[in-house]
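Structure, as structure tokens:
The values are calculated or read from the model by the stated rules, or taken from the named source; none is laboratory data. Quick caveat: nothing in here was measured; it's all calculated off a predicted structure. A quick note on method: Cβ atoms are made from the backbone with ideal geometry, for glycine too, and the neighbour counts reach across all protein chains shown. Each accessible area value is taken on the protein alone, full model and side chains, heavy atoms only, with ligands, DNA and RNA left out. Shrake-Rupley method; radii C 1.70, N 1.55, O 1.52, S 1.80 Å.
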Amino acid sequence: MRKIDKIFSQRKLIPLDLYLEKILYDKNIGYYEKKNPFGVDGDYITAPNISNIFCEMIAVWLVSFWENLKKPKNLNFVELGPGNGDFCLVLLKALKNFPEASDSINIFLYEKSARLRKIQRKRINSKKVFWIKNLKKINKDPVVFFGNEFLDALPIKQFKKINRNIFEKYVGIKKNKPNFIFKKAIKKQINKLKNFHLLKNDGIIEYPEYGFKELQVVCEKINKLNGGALFIDYGYKIGKNIDTLQSIKNHKFNEINKNIGNADITSLVNFGLYKEYFESKNLLTESIINQSEFLQKMGILERAKMVGRKMNYIDKKNLNSRLRRLIHPEMMGKNFKVIFTKNKKCNFSLAFK
Ligand SMILES: C[S@@+](CC[C@H](N)C(=O)[O-])C[C@H]1O[C@@H](n2cnc3c(N)ncnc32)[C@H](O)[C@@H]1O
């Protein structure tokens, strides 16, 4: 039996999110278990891969949050989906400039892919860094979660609404290729959609059930221990009821049913929906802002100037083109958004006011 057939061996059709979970993370055929997708030799490049100064802005944001929390003796910082570890390496370096905060902050890496965990362990060698498989292990002291391009990597469900009828997308195999079909949605699923403002218009409705499951623990911990969560990703504030699934291979768009297990598949993040979700969990969510605004409010232009002063012409040009990529509205500046949610008693709002 071919590996891809195994995921359908017991059922002819499986819901879209289960299918995505298998082809992205399955031990045998999952994309993230097969290759290191990051960088020029991989399939895509993320902000931490683009420039250290992006990571430094998050480091400064974290230290400020720690100060706002009245410098707790211990603060848990959890990176969700740390990828190849680039962000964590810069964070560790940046924290050295803030020794008091550095002594108090412990870093936890939460990574689903065994292959990526191995890469991270090889690259990151610090007594401050711990890998955790279960977020429930964080039991005391305030906690700050951070995920860059974490939400887009979580499998989604898709529904189609036509008048009052709702159908769910399932996947089967036809002529050796994945075949997508819609089946009438069950009542339990429809009721979940009704908890949010998702059913106003006809068209495709995307619902991150996996994402909500992961974030449930995140919200519980923020409520119980104090702190917050910062997410950066590509996406939109108000949905257009369209299919946003996309596949990428070698830095180019790939047809969604080709190169299964050898190409990444993601979706655009519905930030408005996540805001609703966080509010339903009793958290306070700041406004959703663009990456460009966030980074500029955090002082990325000043930092680039400072770093550039010591550089030769070629390095400076390189730095400026990376900076442009991060903040230009036609590059990552506008499509990438930032959401910050926090415990209701917390008044930290750096960059969001
Ligand atoms: C698009 S990559 C982003 C990596 C990194 N944050 C960056 O910006 O370079 C998504 C990351 O999330 C991880 N991931 C996806 N689903 C996860 C889950 N449920 N739990 C933990 N990690 C997950 C992936 O394995 C990968 O490391």
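Points to keep in mind about this one:
Let's see how each residue does on (1) touching a residue at least 24 places away in the same chain (Cβ under 8 Å); (2) assigned to a helix (DSSP H, G or I); (3) surrounded by fewer than 18 Cβ atoms within 10 Å (Cβ to Cβ):
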residue: PHE8; (1), (2), (3): yes, no, yes
residue: LYS12; (1), (2), (3): yes, no, yes
residue: GLU21; (1), (2), (3): yes, yes, no
residue: ILE29; (1), (2), (3): yes, no, no
residue: VAL63; (1), (2), (3): yes, yes, no
residue: TRP66; (1), (2), (3): yes, yes, no
residue: GLY83; (1), (2), (3): yes, no, no
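- Evaluating LYS71 against the criteria (1) at positive phi; (2) over 18 Å from the mean Cα position of the chain (by Cα); (3) within 12 Å of the ligand (Cβ to nearest atom); (4) of a type outside the set (A, V, I, L, M, F, W, C) leaves one unmet condition, (3).
- All conditions in (1) surrounded by 16 or more Cβ atoms within 10 Å (Cβ to Cβ); (2) among the charged types (D, E, K, R); (3) more than 15 Å from the ligand (Cβ to nearest atom) hold for ASP43, with the sole exception of (3).
- The range 95-203 holds strands (runs of 3 or more DSSP E) entirely within its bounds, and those carrying 3 or more residues that are away from the ligand (no atom under 16 Å from the Cβ) map to 157-162, 165-174, 177-184.
- Only one entry of LYS249, LYS258, LYS240 meets the criterion of being buried (at least 17 other Cβ atoms within 10 Å of the Cβ), basic (Lys, Arg) and either in contact (Cβ under 8 Å) with a residue 60 or more places away in the chain or within 28 Å of PHE180 (Cβ to Cβ) (or both), and that entry is LYS249.
- Residues within the range 315-333 that are farther than 18 Å from GLY147 by Cα and either surrounded by fewer than 14 Cβ atoms within 10 Å (Cβ to Cβ) or not aliphatic (A, V, I, L, M) (or both), tallied: 12
- Of all residues in the range 294-314, those satisfying the criterion of being farther than 19 Å from PRO48 by Cβ and either without any contact (Cβ under 8 Å) to a residue 12 or more places away in the chain or polar (S, T, N, Q) (or both) are GLU302, LYS305, MET306, ARG309, LYS310, MET311, ASN312, TYR313, ILE314.
- Exactly one residue out of ASN290, ASN270, ASN262, ASN250 is under 17 Å from the mean Cα position of the chain (by Cα) and within 24 Å of ILE23 (Cα to Cα), and it is ASN270.
- Pair list, Cβ < 8 Å and 6+ apart or interchain, from the range 105-121 residues that are free of Cβ contacts under 8 Å to residues at least 12 places away in the same chain to residues that are more than 9 Å from the ligand (Cβ to nearest atom): ARG121/TRP131
- Residues located in the range 85-94, provided they are crowded, with 17+ Cβ neighbours inside 10 Å and more than 9 Å from the ligand (Cβ to nearest atom): CYS88, LEU89, VAL90, LEU91, LEU92, ALA94
- Residue in the range 261-289 that is nearest to the ligand (Cβ to nearest atom), counting only those that are under 20 Å from TYR44 (Cβ atoms) and open to solvent by 40 Å² or more (accessible area, probe 1.4 Å): LEU268
- Checked against (1) open to solvent by 50 Å² or more (accessible area, probe 1.4 Å); (2) within 16 Å of the chain's Cα centre (by Cα), PRO37 passes all but a single condition, namely (1).
- Cβ-Cβ distances below 7 Å connect the following pairs, each with a first residue in the range 140-167 that is closer than 21 Å to LYS192 by Cβ, a second residue that is β-branched (Val, Ile, Thr) and open to solvent by 20 Å² or more (accessible area, probe 1.4 Å), and a separation of six or more residues or different chains: GLN158/ILE204; LYS160/ILE204; ILE166/ILE190.
- Only one of GLU214, GLU255 that is among the acidic types (Asp, Glu) and within 16 Å of the ligand (Cβ to nearest atom): GLU214
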